[in-house]
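The values are calculated or read from the model by the stated rules, or taken from the named source; none is laboratory data. Here the structure is a predicted model, which is why all the values come from computation and not from measurement. Neighbour counts are summed over all protein chains in view; Cβ atoms, including those assigned to glycine, are modelled from backbone coordinates with ideal geometry. All accessible areas refer to the heavy atoms of the entire protein, side chains included, with ligands and DNA or RNA removed. Shrake-Rupley method; radii C 1.70, N 1.55, O 1.52, S 1.80 Å.
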Amino acid sequence: SFELINKIAFKSQKKVIIFLDEFQELFSFGDQFLWALRAKIASSKASFVVSSSWHRFKEELINEKRPFFNFFETYEIKAVPREDARKYLLKRARKFNLKFEALVLDKILDVSECKPFYLQLLALKCYILSLPRKIVTPDIFEQALKETINSIPSHLIGGFEKLRGKNKEVFLTLCLYDFKKPSEIAQKIGMEPKNVIVLLSSLIKDHDLVRKEETNYVVADKFLKEYVKQQYIATELNN
């Protein structure tokens, strides 16, 4: 296949771009295959664009022992426009004769932040829990949310679990108390606001767990925020 690609590139004298969809399915072929594939892609006369489930692919790209460590330039599909997300959900729902009770659809859009991964994960869980009636009630939504929180990408959980000291204390406070201002966090944990701002900047730049919205700071992933809350509450109950 790679020889054919090179022949096409040589004969046409044009730039050849190869698209490989669902790239993560190749990970199960084993490292020997993956190292060989990396070498073929690196030496090919064509350019390669691959698509993959972000959470699985990112784990491959940030693990220095894995074949495709830092190999590709990466782009993540962020949240889609809310109206597009709504149309997508309703179109899929009609296909499976699924109905949403009042406000449930908006809750799915709100909680998922219209990120494709969470949008599909949460909607699919709602569908499964609604069987056989295929009507998603608020109670079904809450149950679906509770179950999908435990399915968040492992790199997010890993990022949280790697936090230590004041970084972890600031992030926990952000998750548990819905604070958005450094001064609120500072007052809660007994620190100077300027020092909290430094730690928040680190959580944004170095850990990708927080984002800044104008003058507010928020947890970058709502599902991770809920996961942290659950873990904290469970720990408190056990203690």
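Here the peptides 215-227, 28-40, 1-13 are ranked by packing, the mean other Cβ count within 10 Å, and the order with the highest first is 215-227, 28-40, 1-13.
Filter the GluC sites (Glu not before Pro) in the range 36-111 down to the DSSP loop ones having no more than 16 other Cβ atoms within 10 Å, then list what survives. Filter output for the range 36-111: Glu64, Glu73, Glu76, Glu101.
Other residues within the sphere of radius under 14 Å centred on the Cβ of Ile8, judged by their own Cβ, net out at +4 (K and R +1, D and E -1).
Ligands, DNA and RNA left out, the 1.4 Å accessible surface of the chain is 54% carbon and sulfur atoms. Put a plus charge on the Cβ of each Lys and Arg, a minus charge on the Cβ of each Asp and Glu, and nothing anywhere else: the dipole of the range 174-239 about its Cα centre is then about 100 debye.
Is the chain best put as rounded, prolate or oblate by its Cα gyration tensor, with a ≥ b ≥ c the root eigenvalues, rounded for a/c under 1.5, and otherwise prolate when a/b is larger than b/c, oblate when not? Walk me through the numbers on the way to the answer.
Values: a/c = 2.22, a/b = 1.34, b/c = 1.66.
Oblate, since a/c reaches 1.5 and b/c is not below a/b.
Applying 1/(1 + (r/R0)^6) with r as the Cβ-Cβ distance of Asp84 and Ser151 and R0 = 25 angstrom yields a FRET efficiency of 0.60. From the square roots a ≥ b ≥ c of the eigenvalues of the alpha-carbon gyration tensor of the range 1-127, which class results: rounded (a/c under 1.5), prolate (a/b over b/c), or oblate? Prolate. Close amide H pairs (under 5 Å, H built 1.01 Å from N) link Leu20 with Val49, Val50, Ser51, residues at least 5 positions away or on another chain.
Alpha carbon centre of the range 97-170 versus the range 66-87: separation in Å? That distance is 18 Å. Take Ser201: with every protein chain present and a 1.4 Å probe, its accessible area is about 50 Å². For the chain, the share of DSSP beta bridges that are antiparallel, to the nearest 5, is 40%. Adding -39500 (n - 2.57) for every DSSP H run of four residues or longer, then dividing by how many residues the chain holds, sets the calculated 222 nm ellipticity at -18000 deg cm²/dmol. Charged side chains reduced to their Cβ positions (Lys and Arg at +1, Asp and Glu at -1) give the chain a dipole of some 760 debye around its Cα centre. Surface analysis of the chain yields an accessible area of 63 Å² per residue, using protein heavy atoms and a 1.4 Å probe.
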